[in-house]
Every structure is written in C-alpha cells, then in structure tokens.
1. Is it the case that L168 is in contact with a Phe, Trp or Tyr (Cβ under 7 Å, 6 or more places away or on another chain), farther than 19 Å from A57 by Cβ and assigned by TED's automatic domain parsing to the domain that holds L14?
2. Would you say S188 is in the same structural domain as Y348 (by TED's automatic domain parsing) and modelled with pLDDT of 85 or more?
3. Might you let me know whether the range 69-80 holds any residue that is within 53 Å of the chain's Cα centre (by Cα) and at pLDDT 85 or above?
4. For the subset of the range 306-323 comprising residues that are over 30 Å from the mean Cα position of the chain (by Cα) and modelled with pLDDT under 90, which member is nearest to V272 (Cα to Cα)?
5. Filter the range 546-560 for residues that are out of contact with any strand residue (DSSP E or B) (no Cβ under 8 Å at 6 or more places or on another chain) and either surrounded by fewer than 16 Cβ atoms within 10 Å (Cβ to Cβ) or at pLDDT 90 or above (or both) and give the result.
6. Restricted to the range 232-259, and to residues that are among the hydrophobic types (A, V, I, L, M, F, W, C) and assigned to a helix (DSSP H, G or I), which residue is nearest to E361 (Cα to Cα)?
7. Can you find a residue that is in contact with a His (Cβ under 9 Å, 6 or more places away or on another chain) and under 30 Å from Y246 (Cβ atoms) anywhere in the range 45-59?
8. Among the residues of the range 245-257, is any at pLDDT below 80, within 23 Å of N312 (Cα to Cα) and either in the same structural domain as M32 (by TED's automatic domain parsing) or surrounded by fewer than 19 Cβ atoms within 10 Å (Cβ to Cβ) (or both)?
Amino acid sequence: MLLANHVEYYDGYLPVGDISVIAIILALVILMTATYITKSRNYLLYKIMLGLVYVAAFGNLMFHFFSTKVGEVPDWYIYAARDTYYIALISNLFLYVIYLKNILWLDRATSIRFMAISAVGYIVSVVTVIISPALKIFCYIEDGKIISDTYVFMAAYAFFVVMLLWLLLGYRDRIVKQIMVGVLGTVSISLAILGIQGMSRQTSFTTLTFILPMIAILYLIHANPYDIETGAVPETAFEDMVEDSYEHGKPFRFMSLYMHDFDGVNRIPRDVNTVIRHFATSYFKGAVMFRVAGNHLVLVFTEKKNPDYNDNIQTILSKFAEVYPTFKHDYKIVIGYSDGALSKDNDYIALLLYTESKMKENEIYWISKDDIERFRDYKYILSQLEDINKKCDLTDPRVLVYCQPVFNLSTGRYDTAEALMRLKLEKMGMVYPDQFIPVAERHQMLHTLSKIILNKTCKIIKGLLAMGFDVHRISVNFSVSEMRDENFSQEILEIVNKNKIPAGKIAIEITESSTESDFLIMKKKINELKENGILFYLDDFGTGYSNFERIMELPFDIIKFDRSLVIASDKEKKSETMVSSLAHMFAEMNYSVLYEGVENDSDEERCRSMYASYLQGYKYSKPIPIEELTEYFTKAIVEPVVAATIADAASASTAAVAGIIEKNDLLENAVQ
C-alpha cells in the first residue's frame, strides 16, 4: 500500500486493535497467575509465544506512531519498530509449529523434517524483512514517504499456516478431537478477520488474529481450572508441580487429607468442602490444593513463603479437631516434606498410599526420614517381587526356605517342621516376612512365592530321604486367596510329583476363611488334595474368626493352636481349662493338636497336659535355614519294602496329577 502522508496512512490503521491485544494479554497474565497451570516445557514455549504477540502489538503501535513523524525522527526508528512487529509475528508462527510438533509426539525423522522446513521458511522470512529497505521491497522510506505492502508478510503467514494445517490434519489421529476442533475453529476465525480486514483496506486487527488461537490453546491445553467445590486441581498438575520443584530446586511441604467414605464419589458434601476450602486458603501464602489418587486432597506450600508453617499446621489441626464432630467422617492426615529422591521419581502419591496403609482411622501422621527410607525399601522389595513373579523361576535364589522344627510327642523326636519364607535381596540382605508378605498379598504375587517355597521344600525332603533321615512331613503355608485359582490343586501336585516325593511328606497350612464362597473353595481344594495324600493344618486356631461347624466340615488333620492360647492358658485356671477342653474335644475327634509359641519348660508342661500331639516354638528352635534340619532330624533304617512303598506312593501321586488334569480338560470341554 502506498502511503503519501500520515493522513492517508491512518486511513488504514486504528490503534484500537493493538491496544486491545495488549489489554487481553495483560488479562491473560493475571488469569495465568491466579490459576494453577502445569509447568511443562510447552507451557514455557506458550509464554514466549504470548510475549512475542505482546511485543508485536507494542512494536506496531510504535511503528505507526513514528510513521507520522517521517523526517522528524531518524529512519532507523521506523525500521526498528517495523522489524520488531513483523519479526515478532513471524517468530510466533514459527514457535506455533514447534509447539504443535511437540504435543503430537512425532517420531524423530518426521520431527526433524518439519523443523528443517519451518526453519528455512523462518530464516528466509526474517532476513527478507530485515534487508527489504535495501532491496526497496515490502516497506521502505523514499522521498520522505513510506512505501509499504504486505506481500512478504502474507507470504510468510501463508507458509506457516500451511505448515500448521499439515500438522493438524496430517497427524490428527495423535491429537484429541476436541482440541483440534478448538484450534482449527479459532484459526478459521483469525483467517476470516484477515480477509475482512483486507477487503476493508484495514491493517488494525492483524495482531488480534494471533491472540485468538493463543486463548484457545491456554483454555484447551494448559488451564487446569480449580474444582469449584474444593478449590483443588488435578493429579497431573501435582505431578508437574513436583517435576518443576525438582528441576528448580524449590523445596515444599504438604498436608494430605483422606476420607475413605468418599471413595468413588465425585462430590464431597458441602459442609466438608467448606471446611477444606477454609483450610486451603486461610493459613498459607501461595498454597495450592491438589486432588490425587481419587479423593486424597493434598495442600502444598513452600517454606520460603511460609516461615511459620509449623505453627500454621498446628493451628489447622486444632481447628480441624474442633469442626470434626460436625461431619464425623473418618479421616487420615499425613504431613510431610519434599525429598530429592522422591521428587526425582515423582513418588509422593505412592508414599501417601503406603503411609496410609499402615495408619489407623482418625490418625495424624508426620512423615520422617525413617519413613522415607522404609518407603524406599518397600519400593525396592516391590520391584524384586514383581521380577520374581514375572520370571516364576521355582528355584529363584532370592527366595529362601527357613523352617522351625516341630517336636513330635508320640515319637519323642523332631520329625516334622514348618517351612517359612525369607527373601535375600542384593541391596537389603535378609528380608523378613513382615516386610514382604503384606506387599506380595496386596499386589497378588504371594502364590508365586508359595510355589517356590513348596518346590524348594520338596527338594530338601527328597535329599533328606535319600540320606536316610526320618521325615514325617514338612508343612508349607498357603492363603485362602491362592486357593481361588482353579489350577491350585493341579499346580501343587505337579510340584510334589516333579520332585518325586510321596505326597504325604507335604502338609499345607491354611487359616480358616470367614466368607461362604471361600469356605466352599477351601472345602473343594482340600478334598482334591487329600485324596492324593496331601495333609492339612488349620493354622492360627484361636485368633479372629472360628466357626466350629465349618471346621468340622473341613477334613483337617492337625489343628494348630495359636501362641495366644498358650499365653492365655497361663494367666488363669479358667482359661487353661477352656483351652484344654478344646484340645480334648479335637483329640476325641481324631484331630492332632499342635501348640505353637512354646517358649519355656512351663509352656511345654502345660501343653503336654492339654492333649498336645506336637510342640513348636523357641524352646526347641528358632527358625533356621531348612538345610540345617539335619541337626534336628534323625536317621531311620528304611527296609526295602518301605522303600518300595515310598516309590509306589510317588508313582500314585504322579498318576493323580494326570487324573486331575484330565478332569479339568473334560470340565473345560463340557463348558465349551
């Protein structure tokens, strides 16, 4: 467009467009400060793009201001303002391509191709703008007049729009449809404004066309609006906050509130929300509330902005205790601090769940360094258990068999034992059951460990028998949950027979179940295995749930009285009479009674008088590596006839496995 003087020049331009853009950007900055935004690399790129539009709007205002003073101000003022405007807009378009490329997760080759093409277009456009006065094109001053057209800029604009459309439409399967529609919609509006502006011989709203897609991107991709009721932002925002804090070395503190009554519920009752909002906004500067792992509300704040944080925490806890009677929902509150390793692995949510799993209802817990160390051990144990479970190697060297010898009162010898689990891990050494069994149970990996213990126990039994030791039996613990597997009986018998030992040399210890469905499963599996020679112990009798009717229905061989009954029988005569009567009743019905937890001569004498068949406890031995049973078991002379009987029993058990497999195949065929 040829501009003869400043009057003609302003016919095509009004500052209202650029002033509106500056106002909109300032409003966006305020909203971005007030709203939690995930601190990703793309968000940083977005802020740079927004800044470029601001610079372009300001540059355009200056360009048109200086254009009215041609001859009064140095020409380079005009060129500098003009270059600032156009280069900022072209740079914004170039960053659009990079931004979109990032969110589409293109493969390396495709990404390099787009970057190369865009970079060439960007460099050519910028260089053309800069040298245009020398080439007498685009925009230059001649004879005190500004000679200008928009062809160079529109060519660059068209080039980058094509690149953006190529990315959006060519790789639309990699972007959420709603986001693509939103971005394309705002870009279409911007192009329409440019078209109308061109037909009206206007240049006032060019910068405005750049800000519309920016608003769409902020709304669709970056904004994490607060939950209106609790004031919390989502879990992804929490993870981004942790990543940003770690990268920039910003330590933080947190308070977590969990109420299991609201698991699976989207809306927390209004009275509870009112309390939560008050605590989230009234005590800490710059605090942010996050909603993670369902309904865990985590309030995060920095020590730098809150030097009196400890006093404020105590105030919150006191106020919470005051208002708790008004809603009476059970809660768990965890208070902790940022840790470098936790932040690096973004493990705070896992730490919260781990900590809460060990807490009682309505408890407040302060996380310590020891807790974080225990959590790291837990994570390491879990990773090892996952690897053991995945490999399912029944000879895995990380799983050790310990045992506790059991004294047989009828023979006066140690000829039975209970197999026990241990783990030996590279980074921790010996790991005891209380550390890993709950983890294995929670993550459904216990059965693999049980099978490994059974397999290794069978190998030891085979070795002891070969050396001539008298092995009455060794028991292995299994859980009711393991019995739910349809192949449970088949797996047990396969392991026993693979090791070529008589099935009667193995016993299974199991605790009674309180549910009807598990009871029926137990009954079925016990009968299947007893038919093939496996013996069964009812473990932990006297603790928790005991239903005599169901016990009578289950064909146990040995009833194992818990240590708590041994202790109770020593407290008063009435308790001893009750325990003795129970044991007598079982003995009369041909159950053997085993007392565990016998620790001294007094315990032994009392248990002998209470119809004991077997005794187990620290009086006789602490748990030992199963290989050391040779120090307790005695050798027996095995007659040829007996040896043949053992071999026959092993062969019979092998045949039984084949029978069960055949039965299962027939059942599966019948179902199909």
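1. No; evaluated as a whole, the condition is false for this residue.
2. The answer is no for S188.
3. So far as the range 69-80 goes, no, none of its residues is within 53 Å of the chain's Cα centre (by Cα) and at pLDDT 85 or above.
4. V323
5. S546, N547, F548, E549, M552, E553
6. Taking the candidates together, the pick is F238.
7. Checked the range 45-59: at least one residue is in contact with a His (Cβ under 9 Å, 6 or more places away or on another chain) and under 30 Å from Y246 (Cβ atoms).
8. no
The values are calculated or read from the model by the stated rules, or taken from the named source; none is laboratory data. Note that the structure is a prediction, hence the values are computed from the model and not measured. In this analysis, Cβ positions are derived from the backbone assuming ideal geometry, glycine residues included, and neighbour counts consider all displayed protein chains.
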